[in-house]
Amino acid sequence: MNNRTAGGAHNAKVMNRFALTKRLVAKLKRDEAVIGGIGNTNFDLWASGPEREQNFYMLGSMGLAIPIALGVAIAQPRRHVVALEGDGSLLMQLGCLGTVAMRAPRNLTMIVWDNGVYQITGAQPAATGSAVDLVAAARACGLANSHWAADEDDFDRLVEGALQGGPTLIAAKIDGEPGVGQTERDPVRIRAAFMKGLGVKP
Amino acid sequence: MPQDITWHGVIQATLKANDVRLITYVPDRVFTPLITSLHGDSDFTTFPCTREEEAVGINTGAWMGGMRSAVLMQTSGFGTIANALASLVVPSQIPLLMFVSERGVFGEFNLGQAMVCRTMRPVLDSLGIVHHTATRLDELEFIVDRSIRQAVATQAPVCFILSPLLTGGKVFRH
């Protein structure tokens, strides 16, 4: 049976990624690290505050935002780490949800932007658009604290809860608006700035 | 060398001496004694990943967070990480420490392993990644210790290919 409403997701309001990214960043008061996944996820994170030193903008390696965030969370257990990832990217690396659940880092939050398409390459359909419920998948991977954000206020509430202790996965249905900004394209500068922001000397 | 010195013991001790504290891996038969020993050593955080590129991502994040780490994989696993190396590790100058148990040579019985093995060194060479093939127990500590120091000092990844000449490899048995 093809469940086109994908479990629970049908109750979620379609929101805007840049608006939600700004709402997230506004909640970050303790120099939390943020790992932005490839493409529009990154672009909106950049546009939300390019001067923010604790942001890492992943330029390639599609699907690795959550694994990178897990590594930061293990290395710095007293700092909260947020991974921002697209639905197509997460589909590429679903197994990482099981790894996160197995390690169960309290200082990790995963936020998934789900528009059901590979937006940046021309909006080709992703399996999330018709078949896969990523919150149900995350729960099945062992991440009991996984939720769809029903609307903007619910997103805020879920983020506040997640920052108190996780691991937590928050998924949001988003519209087809493109990313607002464009990240710098200098990987060494991005990496060095991020490490400085985390207080690490290479 | 004394009989009680093993390749896996040397690697574990050398990792510890260089403050490598996180080990990610995708399992491999040859690595079993090393993995088992690392799991039992509280100086290391050791856990399996679902894919090798996932492990590469975790180790990259750990480095940026100030923790040294290494990833263990077999030759076929290396065959899956070219993009993570080319688009994340190399351009970001991450001193990723990779240990690969070499399949595909010296009596390999699986054609797929023999084929993917041929891609490993060309991929490393094309990305300019330093790699060493360890064949002798008496050279192992020197190779691993000096190369970790170089990787960190030059902010560049390094790949240790552990030959069946060192580990015994995986042998086909009827």
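The values are calculated or read from the model by the stated rules, or taken from the named source; none is laboratory data. Keep in mind it's a predicted model, so treat the numbers as computed, not measured. As a convention, Cβ positions derive from the backbone with ideal geometry for all residues, glycine included, and neighbour counts pool all protein chains shown.
Go through (1) of a type in the set (Gly, Ala, Ser); (2) touching a residue at least 12 places away in the same chain (Cβ under 8 Å); (3) assigned to a loop (DSSP other than H, G, I, E, B) for A:ALA138 and report which single condition fails.
Status for A:ALA138: all satisfied but (3).
Being at pLDDT below 95 and among the charged types (D, E, K, R) is true for just one of B:ASP4, B:ASP19, B:ASP41. Which residue is that?
Exactly one of B:ASP4, B:ASP19, B:ASP41 is at pLDDT below 95 and among the charged types (D, E, K, R), namely B:ASP4.
What tally of residues in segment B:16-33 results from selecting those that are within 14 Å of the chain's Cα centre (by Cα) and in contact (Cβ under 8 Å) with a residue 60 or more places away in the chain?
5
Quick check: anything in segment B:39-53 at negative phi, crowded, with 24+ Cβ neighbours inside 10 Å, without any contact (Cβ under 8 Å) to a residue 12 or more places away in the chain and of a type outside the set (Phe, Trp, Tyr)?
Scanning segment B:39-53, I find no residue that is at negative phi, crowded, with 24+ Cβ neighbours inside 10 Å, without any contact (Cβ under 8 Å) to a residue 12 or more places away in the chain and of a type outside the set (Phe, Trp, Tyr), so the answer is no.
Being among the aliphatic types (A, V, I, L, M), in contact (Cβ under 8 Å) with a residue 24 or more places away in the chain and either more than 14 Å from chain A (Cβ to nearest Cβ) or in a strand (DSSP E or B) (or both) is the filter here; which residues of segment B:88-129 pass it?
B:LEU97, B:MET98, B:VAL100, B:VAL105, B:VAL116, B:MET120, B:VAL123, B:LEU124, B:ILE129
Could you figure out which of (1) more than 14 Å from chain A (Cβ to nearest Cβ); (2) in contact (Cβ under 8 Å) with a residue 60 or more places away in the chain; (3) at positive phi isn't true of B:GLN155?
(1)
Please specify each residue of segment A:12-35 satisfying the condition of being part of a loop (DSSP other than H, G, I, E, B) and not basic (Lys, Arg).
Correct list: A:ALA12, A:VAL14, A:ASN16, A:LEU28, A:ASP31, A:GLU32.
Being more than 13 Å from chain B (Cβ to nearest Cβ) and either loosely packed, with under 15 Cβ neighbours inside 10 Å or over 20 Å from A:GLY39 (Cβ atoms) (or both): is that true of A:GLY161 here?
Considered against the rule, which asks whether it is more than 13 Å from chain B (Cβ to nearest Cβ) and either loosely packed, with under 15 Cβ neighbours inside 10 Å or over 20 Å from A:GLY39 (Cβ atoms) (or both), A:GLY161 comes out as yes.
Looking at segment A:59-79, I want the residues that are more than 7 Å from every other protein chain (Cβ to nearest Cβ) and have a partner that is β-branched (Val, Ile, Thr) and in a helix (DSSP H, G or I) with Cβ atoms under 8 Å, at least 6 apart or on another chain. Which pairs are those?
Short answer, once both residue conditions are applied: A:ALA65/A:THR41; A:ILE66/A:VAL100; A:ARG79/A:VAL72.
On the phi < 0 side of the Ramachandran plot, among the aromatic types (Phe, Trp, Tyr), touching a strand residue (DSSP E or B) at 6+ places or on another chain (Cβ under 7 Å) and within 14 Å of another protein chain (Cβ to nearest Cβ): does that describe A:PHE155?
Against the criterion (on the phi < 0 side of the Ramachandran plot, among the aromatic types (Phe, Trp, Tyr), touching a strand residue (DSSP E or B) at 6+ places or on another chain (Cβ under 7 Å) and within 14 Å of another protein chain (Cβ to nearest Cβ)), A:PHE155 does not qualify.
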